[in-house]
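The values are calculated or read from the model by the stated rules, or taken from the named source; none is laboratory data. Worth saying up front: this structure is predicted, and the values here are computed from it rather than measured. Glycine also receives a Cβ, built like all others from the backbone with ideal geometry; neighbour counts cover every protein chain displayed. These accessible areas exclude ligands, DNA and RNA; they are computed on the full protein's heavy atoms, side chains included. Shrake-Rupley method; radii C 1.70, N 1.55, O 1.52, S 1.80 Å.
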Amino acid sequence: MSDAPTLYPVRPDFAAHARIDHARYEHLYAESVRDPDAFWGKVGQRLDWMRAPTTIRDVSFKQQDFRIRWYADGELNASVNCLDRHLATRGDKTALLFEPDDPSQPARRVTYRELHARVCRLANALRHLGIGKGDVVTIYLPMIPEAAVAMLACARIGAIHSVVFGGFSPNSIADRVGDCKSKLIITADEGLRGGKKIPLKANVDAALKLPGTNTVETVLVVRHTGAAVDMQMPRDRWYDAVVDGQSDSCEPERMNAEDPLFILYTSGSTGKPKGVLHTTGGYLVYVSYTHEAVFDLRDDDIYWCTADVGWVTGHSYIVYGPLANGATALVFEGVPNWPDSSRFWQVIDKHQVTIFYTAPTAIRALMREGDAPVKSTSRKSLRLLGTVGEPINPEAWRWYHDVVGDGRCPIVDTWWQTETGGILISPLPGAIDAKPGSATKPFFGIQPALVDANGQILEGEAEGNLVLLDSWPGQMRSVYGDHQRFIDTYFKTYPGMYFSGDGCRRDADGYYWITGRVDDVINVSGHRIGTAEVESALVAHPKVAEAAVVGYPHDIKGQGIYAYVTLIAGEQDNDELRKELVAWVRKEIGPVATPDHLQWAPGLPKTRSGKIMRRILRKIAENAPDQLGDTSTLADPSVVDALVRNRRQP
Ligand code: WTA
């Protein structure tokens, strides 16, 4: 691989037709940071406002007068922007193209007109059930069109949605429902993934037996697989029964630009997941603009993002961005390797997908299956590829480029976070030469910087912690119910700057290379898991005295979850108990948090003040016992020898 190219220049044939070429990128970027008000004022006009904003940007990252407000006196409705305004020009265009889990089942097209009608019917039904502006609706659905319908119906009536990923357990649902005091849940009888059934309704039932969930008055159940499920009347209602009789039109709520649009829970380094709060105007401006610019969107594109709507990528780049742009978005219920590892490429051929956006973990897993499953398909329709969620190793990048894209398609490696709402660092495919493994350059208005441990800004070629010096319209506005936690988490480490939690290197060309999280968050297959969450799940088991969890390099997942467990005195460790503890974590949090390796730890390395030294545990998990560094400050250095002896052997 040593002679493989490290620079992939913009393709002239692509640049010739691209929305933004290199000169235009430089020009617009300079303008966007010189006069953000003028720049974002102009960009904001891409939306239909019920009342046009007269103020654009009102921001201070300083503790004393902290505020983040964009388009603050504007009024709009997100669902109107995603639906109504397209009806005159694209009513019969496909908005959502649904490809079911089972390839032998028919795909379904939902036009903008039909989507509008379905959203209005559900919005009317929700109002009828007593849901209004500011109420929180939890959505726990599989990847079916109803997920987008549910989100947009909430937006239509000003309800705040909180989507919970289908891979979370009843406990996790209950935590999230309790935190935001949800009044209504929309779920389905079952989900389907890779031929396996996921008992969504049963999970909701179990969640609602847990304390803190009694705010929920109604559960709407979409009939999806047709499985028999328990219906507890009058709480549980069939979705079709309440929606079918409703009118196809529904007066949209006038929302202030800074009214909440949704909450999405995400893991941080401490405590329980935070409810990341996004508001209406700035978020929608930002996701629609980035979606158009980064993916070089054209009206005839068939755009496919393989994320789940349970994550922010699904919110911003399956639902809100694409639909605000009047695009055709594919909604895929299945998985990459079922019925076989050619599925992605078959779906691309079947629906003539032009833009394909997926995660490095999927690319690595499919790369392992060799080129044949790819080569057996045409993929001629593709013109642009994208990745998101974690750093992509150059080898996987090249395979994606050479094999999947036949060397024809640019790749956009997009760096962003739940908190950022949309893409912050990414190549624009007609403007910025790519380097495999680098997210390249900042988007318009984005001012990244690298700081050292003391918060000193590093210039030129450097490696440090990635911060953002100024706001952008899609930035999160608060942690739901705990504004101080928002300020403390993101603006306190480096006062006056937004701290991303990521490490990053900048090369001599000014390209950014994200190196991964520098806090106690593990990125498993692009999913964020807080080590503290897994630890508290483990210690909740009656036989566990103490647990410490770290990430370690994993070939497919990027990072795996490595758990060190100390049992209560007198308990016997054995494989049986190991399996039980792994299953316990799956049950407590959900399958996304399944530990990949569990090591018995008779003792954990602690400082004399009792603090666990994770640095040492990380090195042992990485199988690098020669790099433990200074262990002299440990209360009992001998525990390390035992852990090293019994470490995981790759
Ligand atoms: C990581 C997902 C490198 C990063 C949109 C970030 C990436 C976390 C990239 C956010 C990328 C995301 N290159 N790392 N292109 N994209 N990350 O909130 O560590 O689920 O902080 O948002 O994923 O994960 P989240």
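Structure data summary
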quantity: Heavy-atom accessible surface of the chain: percent carbon and sulfur, 1.4 Å; calculated: 49
quantity: Region 451-536 shape via C-alpha gyration tensor axes, a/c threshold 1.5; calculated: oblate
quantity: Theoretical gain in end-to-end length, Trp238 to Thr631 [0.36 nm per residue, Cα-Cα removed]; calculated: 135.5 nm
quantity: Spatial separation of Cα centroids for region 31-74 and region 428-463, in angstrom; calculated: 23
quantity: Prolate/oblate/rounded call for region 525-646, Cα gyration tensor, a/c under 1.5 rounded; calculated: oblate
quantity: Loop-located GluC sites (Glu not before Pro) in region 440-522 whose Cβ has at most 14 other Cβ within 10 Å (DSSP); calculated: Glu459, Glu461
quantity: Considering only the chain, percent of DSSP beta bridges that pair antiparallel, nearest 5; calculated: 60
quantity: Local electrostatic count at Gly195 - Lys and Arg +1, Asp and Glu -1, tallied over other residues with Cβ under 15 Å; calculated: -2
quantity: Antiparallel %, DSSP beta bridges [both residues in region 262-348], to 5; calculated: 60
quantity: D_trans [Stokes-Einstein, Kirkwood Rh over alpha-carbon pairs] for the chain, 20 °C, 1.002 mPa s, µm² s⁻¹; calculated: 84
quantity: Normalised contact order of region 547-599, rounded percent, pairs of Cα under 8 Å and 6 or more residues apart; calculated: 37
quantity: Lys380 - accessible surface, heavy atoms, 1.4 Å probe, Å² rounded to 10; calculated: 150
quantity: Segment Thr515-Trp600, extension gain: residue separation times 0.36 nm, minus the distance between their alpha carbons; calculated: 27.6 nm
quantity: Approximate spin-label separation Ile457-Asn574, in nm, with each point projected 7 Å along Cα-to-Cβ; calculated: 6.2
quantity: Extended-chain gain in nm, criterion 0.36 nm per residue less alpha-carbon gap, Asn337 and Ala4; calculated: 117.0 nm
quantity: Beta bridge orientation in region 525-646: antiparallel %, DSSP, nearest 5; calculated: 75
quantity: Packing-based ranking, highest mean first, of 318-325, 476-483 given that Cβ atoms within 10 Å are counted; calculated: 318-325, 476-483
quantity: Cross-link table Lys93/Lys380; Lys93/Lys435; Lys62/Lys619, entries beyond 25 Å C-alpha to C-alpha; calculated: Lys93/Lys435; Lys62/Lys619
quantity: For region 392-515: rounded, prolate or oblate by the Cα gyration tensor [a/c cutoff 1.5]; calculated: prolate
quantity: Cβ-Cβ FRET estimate between Arg368 and Lys42, R0 fixed at 41 Å, reported to 0.05; calculated: 0.35
quantity: 13 Å beta-carbon shell around His27, net charge (K/R +1, D/E -1); calculated: -2
quantity: Listed pairs Lys350/Lys557; Lys209/Lys587; Lys181/Lys209; Lys274/Lys587; Lys42/Lys492 exceeding 22 Å between Cα atoms; calculated: Lys350/Lys557; Lys42/Lys492
quantity: Relative contact order [Cα under 8 Å, 6+ residues apart], the chain, whole percent; calculated: 13
quantity: In nm, spacing of pseudo-spin labels at Ser609 and Arg34 (7 Å Cα→C-beta vector); calculated: 5.0
quantity: Simple spin-label estimate for Ser381 and Asp482 in nanometres, 7 Å along Cα-Cβ; calculated: 4.5
quantity: Net charge over other residues, Cβ less than 11 angstrom from the Cβ of Ala462 (K, R count +1; D, E count -1); calculated: -3
